[in-house]
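The values are calculated or read from the model by the stated rules, or taken from the named source; none is laboratory data. Source: prediction; values computed, not measured. Quick reminder, even Gly has a Cβ in these numbers, built from the backbone with ideal geometry, and neighbours come from all protein chains shown. We work out accessible area using only protein heavy atoms, side chains counted, and drop any ligands, DNA or RNA first. Shrake-Rupley method; radii C 1.70, N 1.55, O 1.52, S 1.80 Å.
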Amino acid sequence: MKTPINALRFLKKIQYQKSDGVWDYNPRVIPKECGFPQNTWVTGESYWGGLQLDQVGYPINLFWQVYRRMSASQQQLLKIEFDSMIKKGLDFIQKYGPWSAQERWEENFGLSPSTFSSATSALMIGGELYKCTEAGESYYKTAQGWLFKPGDNIDTWAFTQNGPFGDGQYYLRVSGCQSYSAVWDPNSKESCHVANSSMRVSPQDFLDQGFLKLALLGLKPADDWHILKSLEKINQFIRVKTPNGYGWYRYSNDAYGEEGKGRLWPLLSGEQGRFAVERYLVGNLDWNQAETQVNLVLDSLVKFSNEGLLIPEQVFEQSGEGTGGATPLAWSHAEFIKLL
């Protein structure tokens, strides 16, 4: 437990204070206080200055993973040490989420299913940590509203009915990416910017698998029809079979990669493998089916790695070998370990 607790202590140290100013995304002006930096140097000094709601949700998820593995006496001490950090983060999410100035790829603003999952699961954790208190009830109620409030929830915000892929029904990568004040309308055709290029496309042209986080973080069962509909599109339109196994693009029209084209990201394979396990747990796959998918992913991740067994950020479609991107990518290795 030493390493994750040290990570939590570092996060507590770098959590923004009142003196750190605001994020000005006119008309959204968001005080930084209680949030976390997008990233920092090891000294704690902020590097890039964007608002990623993931960076507020994941410290709470990390705390929960440590907390739930401890004895009651250890839990009490951990809660005392990090109570202020956790409550501040939860209050920030509740007040300003689930909108984010950047989603997990650090590129587009709006309502992203992956970022939504990080933030909403944090609120669910808050509801459990502070059960039978006014704050805990409030966190839980907010999360439930974001998930299920009739006509005003993650599905009405981010699940399109008129996309260009397949039958047109799937989760968007991000909704409301047209402007800081855009309505979260998954059927809007108003265009959004594609990072690292001059392209503008409709939100429906951004196909990605961030929606898997809804199941991976426990917000929806893995047999939810919205998730399975979306999975069909992902596996049909942004999956590629390489000599080393299947790989997935971050999203359609991605321009971040060699020669101005996004390549296949091994970490996404890890998410696919973990989702197969989630499908087994709800009875949507039998164990043989799930194990087959998991083993194919594990085998591909080993083959994607270089001679030093370092897993890259991206691999080429034709060879299944690493590009000139970051190698090793800690995120790729983390997904491999989580799947194991």
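Return the residues of the range 186-223 that are in contact with a Cys (Cβ under 8 Å, 6 or more places away or on another chain), assigned to a strand (DSSP E or B) and open to solvent by less than 20 Å² (accessible area, probe 1.4 Å); say none if nothing qualifies. Outline the logic, then answer.
Step one: list which residues in the range 186-223 are in contact with a Cys (Cβ under 8 Å, 6 or more places away or on another chain), which gives 192-193, 200-203, 206.
Filter once more, so that each one left must be assigned to a strand (DSSP E or B): 192-193, 200-201.
Once the filter is applied, which keeps residues that are in contact with a Cys (Cβ under 8 Å, 6 or more places away or on another chain), assigned to a strand (DSSP E or B) and open to solvent by less than 20 Å² (accessible area, probe 1.4 Å), the range 186-223 yields C192, V201.
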Selection from the range 1-29 of residues in a helix (DSSP H, G or I) and either farther than 28 Å from E81 by Cβ or in contact with a helix residue (DSSP H, G or I) (Cβ under 9 Å, 6 or more places away or on another chain) (or both) yields P4, I5, A7, L8, R9, L11, K12
T133 fails exactly one of (1) out of contact with any strand residue (DSSP E or B) (no Cβ under 9 Å at 6 or more places or on another chain); (2) within 22 Å of F211 (Cα to Cα), namely (2)
Residues that are under 30 Å from D254 (Cα atoms), out of contact with any Asp or Glu (no Cβ under 8 Å at 6 or more places or on another chain) and either surrounded by fewer than 23 Cβ atoms within 10 Å (Cβ to Cβ) or not small (G, A, S) (or both): does the range 68-84 have at least one? no
Of all residues being closer than 15 Å to P98 by Cα, open to solvent by less than 30 Å² (accessible area, probe 1.4 Å) and not charged (D, E, K, R) in the range 173-185, which is nearest to the chain's Cα centre (by Cα)? Just the residue, please. V174
Of the residues in the range 112-127, those that are surrounded by fewer than 24 Cβ atoms within 10 Å (Cβ to Cβ) and in contact (Cβ under 8 Å) with a residue 40 or more places away in the chain number 2
Of the residues in the range 24-48, those that are closer than 17 Å to K95 by Cα, of a type in the set (A, V, I, L, M, F, W, C) and either surrounded by fewer than 16 Cβ atoms within 10 Å (Cβ to Cβ) or at pLDDT below 95 (or both) number 1
